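Written below as structure tokens is the structure these notes are about.
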Amino acid sequence: MPSVYIKTYGCQMNERDSEAVAAQLLAKGYSLAASEHVADVVLLNTCSVRDNAEQKAINKMENIAGDIRKNRPGVVLGFLGCMAQSRGKELIDRLPDVDLVIGTQKFHRTAEYLDEILKGKRDKIVDTAEEQGSEGTIREHLLNGNATKSVTAFVSIMQGCNQYCTFCIVPYTRGEERSRSIEDIVAECRQLVGQGVKEITLLGQIVTSYGRRGDVWTAAASEARRRFSTDNAADTKAPSPLRSAGALQKTPFVQLIEAVHEIEGLERIRFTSPHPKGYGDDLVEAYGRLPKLVEHGHLPVQSGSDRVLKLMHRGYTRARFLEIIGKLRAVRPGIGITSDIIVGFPGETEEDFKQTLSLVDEVEFDNAYLFKYSPRKDTPAAAMLDQLPEELIEERHARLLDRVNEIGRRKYEAFIGRQVQILVEGPSKKNEARVMGHTRCNKIVLFDGSERHRGQIMDVRVTRTGSFTLYGDPAIVNL
Ligand code: SAM
């Protein structure tokens, strides 16, 4: 059987999709190749969020086509994922060596399409159509039967996005929100915990919107009605769990966290990526009462200016964002807060940008990912007239990066001498003599250790810091 090499660009969702495609191909008898130079099939799983991510994948394919295809004409080349979805056949027009283009709702067809191409039944295949009953597609992402050696795992809970932020291509590349059922997700998590997984990250484009559409929401609504109908009879016809009674109501996302929390042997729960709008009081309260939910929140703020937030269609104000951060820090002091920020959104004035700088000062993020605004095809922001010049975006990006790094450095240095709890994930990629883990508030920690530490929850005393990294020694318990 042929061997396949899959290279992934972009987010954890894409990593997860690549794992699922690899599992699907392994099940059909393919082997995994160590590099594109020895593979019979080369697949690039792509990202579209910014233009440079697209260019990287296109350049890579150009090199592969020019280099590898020249010597081994039988190699099959394919694009998968977000850029494949948004560009479709255009990719083959531009790179005629490409045989296969598979969109985000068709990953589960990869083996079938490769088979047709390898057997010479079809020459080129482009499939970016929507999949009917796409929850089934998500089910294909399960890695059933493929035991993991890792102590951490990602579990896809939903796909797609209905937020339509004006800068973002995701609703167009990933389609409408679709959620798996709580039972399905819990069953997958149980299976992973049975294989030794101790930390699960619930994954989705906007995880806090989990279950708001379709069956999960309806099931959650009837459960909430059943629970609260005796409290307030007038509210029992309310269509959503949030409105169905006087007591604090729970969104399907919080109900899902509660269900996963009950799994014995699971030590930590994380999730990514959420939307600040999704941090209602029920989620904040969950941080206060569910010990497995770690002290970390990634809240992509995008801008500190209300004017820009409105143009972006973010659905919250600066004041509301600060209120959420205050509430989270009140229920979980020491919680790690990280964010995404876009610099140079169309029409961003110096005053707007200063609002972002002052928000960063006020919140003191543990880290923030800064993105230079990149116009995306068919998004409303790309058509806005006042696009900023590249040099101005570069200059603001550098100013903001200095500020974020300076705050991060101070925050990380404050850990020196302190004891932190980490889950040891395995050897460090750069230095085999060291092992790596994350604190509950999501900071990377390295210390001299070995394979026997993998999977252990350990206390480590921090001795020094590097760039967004802590170094330490296993703590000695004083009796
Ligand atoms: N859940 C996140 C949210 O609340 O919007 C979206 C995750 S998105 C895949 C990752 C990040 O990419 C966004 O938070 C945003 O900062 C950045 N991003 C998205 N579209 C962008 C664009 N057109 N230009 C620059 N950065 C962008």
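What follows is calculated from the coordinates using simple rules that are stated; it is not laboratory data. Keep in mind that this is a model prediction, so the values were computed, not measured. Please note: Cβ atoms are built from the backbone with ideal geometry, for glycine as well, and neighbour counts cover all protein chains shown.
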Amide H to amide H under 5 Å from Leu293: which residues, 5+ apart in sequence or cross-chain, H placed 1.01 Å off N in plane?
-> Ile269
Going through region 411-479, which GluC sites (Glu not before Pro) have at most 12 other Cβ atoms within 10 Å and a DSSP loop state?
-> Glu432
In whole percent, what relative contact order does region 350-479 give with Cα contacts below 8 Å and a gap of six or more residues?
-> 20
Three-way shape call for region 416-459 based on the alpha-carbon gyration tensor, with the a/c threshold at 1.5 = prolate
Neighbour-count order for Phe321, Phe415, fewest beta carbons within 10 angstrom listed first = Phe415, Phe321
Ranked by Cβ crowding within 10 angstrom, fewest neighbours first, how are Lys250, Lys429 ordered?
-> Lys429, Lys250
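Based only on Cα atoms, what Rg/Rh ratio does the chain have, Rh being taken as Kirkwood's radius? Please list the in-between numbers first.
On the way: Rg = 23.4 Å, Rh = 24.1 Å.
With Rg and the Kirkwood Rh in hand, the quotient comes to 0.97.
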Beta bridges by DSSP in the chain, antiparallel share as percent, to the nearest 5 | 35
Toy charge model, Lys and Arg Cβ at +1, Asp and Glu Cβ at -1: the chain dipole around Cα centroid in debye, rounded to 20, equals 580
Given region 324-479, what percent of its DSSP beta bridges are antiparallel, to the nearest 5?
-> 70
Among the chymotrypsin sites (Phe, Trp or Tyr not before Pro) within region 1-92, which fall in a DSSP loop and have no more than 12 other Cβ atoms within 10 Å of their own Cβ?
-> none
Qualifying GluC sites (Glu not before Pro) in region 259-318, DSSP loop, other Cβ atoms within 10 Å at most 14 | Glu262, Glu264
Give the calculated FRET efficiency between Arg464 and Asp378 to the nearest 0.05, with a Förster radius of 45 Å applied to their Cβ-Cβ distance.
-> 0.40
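How large is the helix-only mean residue ellipticity at 222 nm for the chain, computed as the sum of -39500 (n - 2.57) over DSSP H runs with n ≥ 4, divided by its residue count, in deg cm²/dmol to the nearest 500?
Details: 15 runs with 173 residues, N = 479.
One gets -11000 deg cm²/dmol as the mean residue ellipticity at 222 nm.
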What relative contact order, as a whole-number percentage, does the chain give when Cα pairs under 8 Å and 6 or more residues apart are counted?
-> 9
